[in-house]
1. Give the relative contact order (percent, whole number) for region 116-162; include only Cα pairs under 8 Å separated by 6+ residues.
2. Considering the Cα positions of region 45-124, please state its Rg to one decimal place and its Dmax as a whole number of Å.
3. Using Cβ contacts closer than 10 Å as the measure, can you line up T131, T156 from fewest to most?
4. Please give, to one decimal in nm, the separation of the simple spin-label points placed at T152 and A88, each 7 Å out from Cα toward the Cβ.
5. Measure nothing but the geometry: give the 0 to 90° angle between the long axis through the Cα atoms of 12-61 and the longest principal axis through the Cα atoms of the chain, rounded to 10°.
6. Starting from one equal scatterer on each C-alpha and no solvent at all, send me the Debye-based log10 I(q)/I(0) for region 95-162 at q = 0.17, 0.23, 0.26 Å⁻¹, two decimals.
7. Please compute the modelled spin-label separation between L33 and T104, points set 7 Å along Cα→Cβ, answer in nm with one decimal.
8. How large is Rg over Rh for the chain, taking Rg from the Cα atoms and Rh as the Kirkwood inverse mean of 1/r across Cα pairs?
Amino acid sequence: MNTNKRQEGFSLIELLIVVAIIGIIAAIAIPNLLASKRAANEGSAIASLRTLTGAEATYQSTAGAGEYGDLAALMGEGLVDSVLGAGAKSGYDYTVVPTASSATNPALFDAGCVPQAATGIGATGTRSFYTNESGVIYFQAGATAPAADPTTRAVTPDTPIK
């Protein structure tokens, strides 16, 4: 009779080493994944502001009769999708403020977006963005979008996306 039992499998030490290696790989990969997601959100924000600029130009020359529209008006005309028209997309909150023309001033609009969370591990973006009728997109670090002077239309800070 054979009394030797053959035992196969991994020892506890071998399993602990594998778990430690997986933990090290996760500790390296997760921050890079979060940084990639923030970068993708910022890219989406820039593209959305470009979409809004084009939508405003179309709205002004068609349904707006020379005036710009807000997000609801642009969505109502089918110039932006329902996600962007609702004011939140890819971790950013959007605002569009049209200014009606007067006898002395042309119609204007200001469009900006800020990250829903600008700091911490759950940050959806690290920069805020702004554009107006000029079509130039400006950025600023943090959760406050750049702004244009109502009279001169000069943007502070003057940091355009290249």
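Any read-out appearing in this document is the output of simple, stated calculations on the displayed coordinates, not a laboratory observation. Keep in mind it's a predicted model, so treat the numbers as computed, not measured. Heads up, the Cβs are rebuilt from the backbone with ideal geometry, glycines too, and the neighbour counts pull from every protein chain shown.
1. 29
2. So, for region 45-124, Rg and Dmax equal 13.8, 50 Å respectively.
3. T156, T131
4. Simple spin-label model gives 3.7 nm for this pair.
5. Its long axis makes an angle of about 10 degrees.
6. The calculated log intensity ratios at q = 0.17, 0.23, 0.26 Å⁻¹ are -0.61, -0.95, -1.10.
7. 5.8
8. Result for the chain is an Rg/Rh of 1.36.
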